[in-house]
Amino acid sequence: MEIAHRKDILDLSYPQLKELVSSLGEPGYRADQITWRVYKKLATSFDEMTDLPQSLRQKLSEVASLYSLRPVHEKVSADGQTRKVLFKLDDGKTIESSLMLYAPSGSSRERRTICVSTQVGCAIGCPFCATGQQAFERNLRPGEIIEQVLYFVRQVRAEQQGKVEELDSARRPVTNVVFMGMGEPLANYESVWQAVVMLNSKHGLGLGARQITISTVGLVPQIRRLARENIHVELAVSLHAAKDALRNELVPINKRYPLGQLIPACREYFEKTGRRPTFEYALFQGVNDSPGHARELARLLEGLNCQVNLIAGNPTKCREFAPSSRKSVLAFQRQLKESGVSSTVRVSKGIDIEAGCGQLRSRWIGRKA
Ligand code: SAH
Ligand code: SF4
């Protein structure tokens with residue numbers, strides 16, 4: 001198919017885009033015009049790039065494409081604060097992304113956080129995770145990751161102003177991007193990093209490094225590599241257990257990268273970047289949610305500059321992993337505090353729309369099967 005050979009503009013880094021325009025016999029500043037149109041004006045077609053000569057627009061549409069994701073299903077939570085979209089990729093596979101709105105009471109600082117997928121399915125296979133229960137199919141391209149963000153940016157911007165207009169930093173339609181959707185971001189390192197660079201770049205969305213969070217199951221060599229990058233993003237590590245025996249069950253990659261390697265890598269991340277890693281701990285009833293587990297967690301994290309995020313697990317079709325009650329979550333938090341570790345309890349957003357990782361897609365695939 002001809003379209004498969006065209007380059008997706010969103011897959012190109014800024015230097016690669018410059019190469020493309022120069023291969024078309026155009027001056028380098030055309031790349032700036034294109035990125036300005038794509039990332040600031042949110043153009044979805046070359047036709048909209050009216051500051052480019054007609055001949056270049058024509059050439060671009062022959063050699064390149066723009067946008068390949070098709071939203072096929074959308075859900076909004078009952079409180080209107082979480083939206084989830086299932087996208088069909090150009091090869092027919094599906095991924096999901098979400099937008100979460102927070103308006104902290106007593107504060108004018110609204111947050112609009114976009115959660116993106118990085119792979120179709122996931123090879124790690126954490127048993128409590130709806131994505132882990134699906135087979136790994138493929139990595140996403142950088143453009144497919146960026147496009148998830150641009151989709152919601154367009155949507156919010158259109159709502160903010162009634163029409164899509166140039167992004168201004170004062171009223172950014174997106175305040176945060178988290179790599180917490182389907183897949184393991186650090187197992188698709190190159191694409192994820194290219195997407196991060198473009199989200200952060202002044203030629204792209206211009207999001208601050210602190211506004212970008214990569215969540216990982218704990219791939220140690222990649223965490224060390226991330227620590228050496230020149231954009232210091234926030235790092236979230238999905239811990240869920242503080243002892244190897246239990247973590248081997250919950251997060252099977254722990255057998256390859258046990259806690260004795262993971263924790264020093266997280267320490268190194270802090271030392272090299274100045275960013276305190278966040279440890280995600282999802283509580284499942286009778287599995288990892290006792291006060292004893294909290295004490296183990298405090299012991300593991302002793303002396304480490306970090307934050308802990310507790311969340312009651314989201315229910316999936318795997319019945320062994322039922323969410324802990326609110327009471328157990330708070331008791332766990334109390335015990336952690338007594339042991340010297342402060343934590344936040346994350347409110348699980350959008351349970352009514354299966355907003356947990358991979359849940360909407362599981363339902364969709366199940367329905368079609
Ligand atoms: N693969 C990466 C990022 C995607 S998963 C990772 O594992 O970190 C994003 C987050 O959702 C992770 O913290 C993951 O552990 C968590 N998660 C997955 N399934 C969950 C469930 N059923 N309940 C609560 N958290 C879950
Ligand atoms: Fe993959 Fe993360 Fe789900 Fe584990 S929790 S299966 S690493 S997406």
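Is it true that residue 298 is in a helix (DSSP H, G or I), hydrophobic (A, V, I, L, M, F, W, C), away from ligand 1 (no atom under 16 Å from the Cβ) and in contact (Cβ under 8 Å) with a residue 12 or more places away in the chain? Spell out the reasoning first.
On the way: in a helix (DSSP H, G or I): yes; hydrophobic (A, V, I, L, M, F, W, C): yes; away from ligand 1 (no atom under 16 Å from the Cβ): yes; in contact (Cβ under 8 Å) with a residue 12 or more places away in the chain: yes.
Yes, satisfied.
Counting only residues that are within 11 Å of ligand 1 (Cβ to nearest atom) and either open to solvent by 90 Å² or more (accessible area, probe 1.4 Å) or modelled with pLDDT under 55 (or both), how many does the range 310-350 have?
1
Between residues in the range 105-123 that are at pLDDT 90 or above and open to solvent by 10 Å² or more (accessible area, probe 1.4 Å) and residues that are of a type in the set (D, E, K, R) and within 14 Å of ligand 1 (Cβ to nearest atom), which pairs lie under 6 Å by C-beta distance while being six or more apart or on different chains?
That search, which allows pairs on different chains as well, returns 122/184.
Considering only the range 92-104, state which residues are without any contact (Cβ under 8 Å) to a residue 40 or more places away in the chain and either touching a strand residue (DSSP E or B) at 6+ places or on another chain (Cβ under 9 Å) or crowded, with 19+ Cβ neighbours inside 10 Å (or both).
Of everything in the range 92-104, those that are without any contact (Cβ under 8 Å) to a residue 40 or more places away in the chain and either touching a strand residue (DSSP E or B) at 6+ places or on another chain (Cβ under 9 Å) or crowded, with 19+ Cβ neighbours inside 10 Å (or both) turn out to be 101, 102, 103, 104.
Could you tell me how many of the residues in the range 255-297 are aromatic (Phe, Trp, Tyr) and in contact with a Leu (Cβ under 6 Å, 6 or more places away or on another chain)?
The qualifying residues number 3.
What is the one condition in (1) in contact with a helix residue (DSSP H, G or I) (Cβ under 8 Å, 6 or more places away or on another chain); (2) at pLDDT below 95; (3) within 24 Å of residue 115 (Cα to Cα); (4) crowded, with 16+ Cβ neighbours inside 10 Å that residue 10 does not satisfy?
Among (1) in contact with a helix residue (DSSP H, G or I) (Cβ under 8 Å, 6 or more places away or on another chain); (2) at pLDDT below 95; (3) within 24 Å of residue 115 (Cα to Cα); (4) crowded, with 16+ Cβ neighbours inside 10 Å, the lone unmet condition for residue 10 is (2).
Which condition breaks for residue 303 when tested against (1) free of Cβ contacts under 8 Å to residues at least 24 places away in the same chain; (2) buried (at least 22 other Cβ atoms within 10 Å of the Cβ)?
Going through the list (1) free of Cβ contacts under 8 Å to residues at least 24 places away in the same chain; (2) buried (at least 22 other Cβ atoms within 10 Å of the Cβ), residue 303 breaks only (2).
Here are some conditions: (1) within 22 Å of the chain's Cα centre (by Cα); (2) of a type outside the set (Val, Ile, Thr); (3) modelled with pLDDT under 95. Residue 265 meets all but one. Which one does it not meet?
(3)
When both residues are 6+ apart or on different chains and their Cβ atoms are under 7 Å apart, which pairs have a first residue that lies in the range 20-35 and is of a type in the set (A, V, I, L, M, F, W, C), and a second that is in a loop (DSSP other than H, G, I, E, B)?
Between residues of the range 20-35 that are of a type in the set (A, V, I, L, M, F, W, C) and residues that are in a loop (DSSP other than H, G, I, E, B), the close pairs are 20/12; 21/28; 34/49.
Which members of the range 229-247 meet the condition of being of a type in the set (Lys, Arg) and over 17 Å from residue 332 (Cα atoms)?
Listed by number, the list holds a single entry, 247.
Condition first: open to solvent by 50 Å² or more (accessible area, probe 1.4 Å) and in contact with a helix residue (DSSP H, G or I) (Cβ under 7 Å, 6 or more places away or on another chain). Now tell me which residues in the range 134-165 satisfy that.
139, 141, 164, 165
Of all residues in the range 248-279, count the ones that are closer than 21 Å to residue 181 by Cα, open to solvent by less than 10 Å² (accessible area, probe 1.4 Å) and either of a type outside the set (A, V, I, L, M, F, W, C) or part of a strand (DSSP E or B) (or both).
Matching residues across the range 248-279 total 3.
Looking only at the range 212-267, which residues are touching a residue at least 40 places away in the same chain (Cβ under 8 Å) and among the basic types (Lys, Arg)?
224, 228, 243, listed by residue number.
State all residues of the range 67-83 that are open to solvent by less than 40 Å² (accessible area, probe 1.4 Å) and at pLDDT 95 or above; if no residue qualifies, say none.
69
Look through the range 228-247, keep the residues that are more than 14 Å from ligand 1 (Cβ to nearest atom) and either closer than 21 Å to residue 145 by Cβ or assigned to a loop (DSSP other than H, G, I, E, B) (or both), and return whichever of them is most open to solvent (accessible area, probe 1.4 Å).
Selected residue: 228.
For the range 45-66, enumerate the residues that are under 15 Å from residue 8 (Cα atoms), touching a residue at least 12 places away in the same chain (Cβ under 8 Å) and open to solvent by less than 50 Å² (accessible area, probe 1.4 Å).
Correct list: 45, 46, 60, 61, 64, 65, 66.
Please determine, by comparing only the residues of the range 197-227 that are open to solvent by less than 50 Å² (accessible area, probe 1.4 Å) and β-branched (Val, Ile, Thr), which one is farthest from ligand 2 (Cβ to nearest atom).
Residue satisfying both the conditions and the ranking: 212.
The values are calculated or read from the model by the stated rules, or taken from the named source; none is laboratory data. No experiment lies behind these values; they were computed from the predicted model shown. When we count neighbours, we look across all protein chains shown, and the Cβ atoms used for this are built from the backbone with ideal geometry, even at glycine. Please note that ligands, DNA and RNA were not included when accessible areas were found on the heavy atoms of the full protein model with its side chains. Shrake-Rupley method; radii C 1.70, N 1.55, O 1.52, S 1.80 Å.
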